Amino acid sequence: MKQLVAFSIWLSLAYPIIGQEDLNKYFFSKGLVDVTGIDASLKVELRYAGIDNFLGEAVYRQISGAWLHPEAAAKLVKAQALLKVRRPEYSLLIYDAARPMSVQRAMWNLARKAGKAKYVSNPANGGGLHNYGMAVDLTIVDASGRPLDMGSRFDHFGSESHINDEENLLRSRKISSEAYANRRLLRTIMRQAGFRTILYEWWHFNACSREEAKARLPLL
């Protein structure tokens, strides 16, 4: 029994989110919505709920959907509709959406230990837009569910993921012409739906500014 108690204490310290309330219930209680409940054609593959991510660790527990603030969810549904008009066989695939600060802290600690802290918002600075349910990480998949070529994998933190110099990436053959076109398609529909881009991650989109979120939305 003592060994079991000791293990439970270690587990709660190593992975503080495991013992938390079901995240689906938590997000629902905060007024967020599961986007697949609004549009079932949206695809979800939460990368941080498994080990296929740059951390090599699962940091989400007890979550089954992609949750967003209703404003961000409405914009995402609009983006999906815009994509379907252009390419009916395509769909958006969500890699990450709302993220509570408990998960942000877990990600930060893991990233810091791995020497990758610069790729994760420091929770001590108040969190990023994922922590308000106002940011989404995603890509486009084809009819078979295969992600389109975007020039780099999701959460690859290198020049190939940057969007501010893609012409040079194309000329230097760091990304293909297909990847270049696919990124432009993704950005076009997301911007038309009301999202904003960031310079260094082709997959990341914000539904508002950080200043606006801090002024009027609760931190998760």
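For the reader, a short list of remarks on this structure follows.
- Highest mobility in the GNM of the chain, judged by mean-square fluctuation with C-alpha springs under 10 Å and restricted to SER144, SER161, SER177, is found for SER144.
- Magnitude of the charge dipole, the chain, Cβ model with Lys/Arg +1 and Asp/Glu -1, debye to 20: 320 debye
- Relative contact order (percent, whole number), the chain, Cα cutoff 8 Å, 6+ residue spacing: 20 percent
- Hits among aspartates and glutamates - C-alpha to C-alpha of LYS84 under 17 Å, sequence gap 8 or more where chains match: ASP39, ASP142
- Zero-based 5 Å bins, Cα pair distances in the chain, whole percents: 1, 7, 14, 18, 19, 17, 11, 6, 3, 2, 1, 0, 0
- Given their separation in residues at 0.36 nm each and the Cα-Cα distance between them, GLN192 and SER144 gain 14.7 nm when the chain is fully extended.
- Extension gain from ASN168 to VAL85, taking 0.36 nm per residue of separation minus the Cα-Cα distance: 26.9 nm
- J(HN,Hα) series, region 95-111, from Karplus relation 6.51 cos²θ - 1.76 cosθ + 1.60, nearest Hz, glycine and proline x: 9, 7, 9, 5, 9, x, 5, 4, 6, 4, 5, 4, 5, 4, 5, 5, 5
- Set LYS25/LYS214; LYS78/LYS214; LYS25/LYS118 screened for pairs whose C-alpha atoms are more than 29 Å apart: LYS25/LYS118
- Within a Gaussian network of the chain (alpha carbon springs, distance under 10 Å), most fluctuating of TRP108, TRP203, TRP67: TRP108
- Fully extended contour minus Cα-Cα distance, from ALA215 to TYR119, at 0.36 nm per residue: 32.1 nm
Computed from the coordinates by the stated procedures, all read-outs in this text should not be read as laboratory data. The model shown is predicted, which means the values in this text are computed figures rather than measured ones. Glycine gets a Cβ as well: all are built from the backbone with ideal geometry, and neighbour counts include every protein chain shown.
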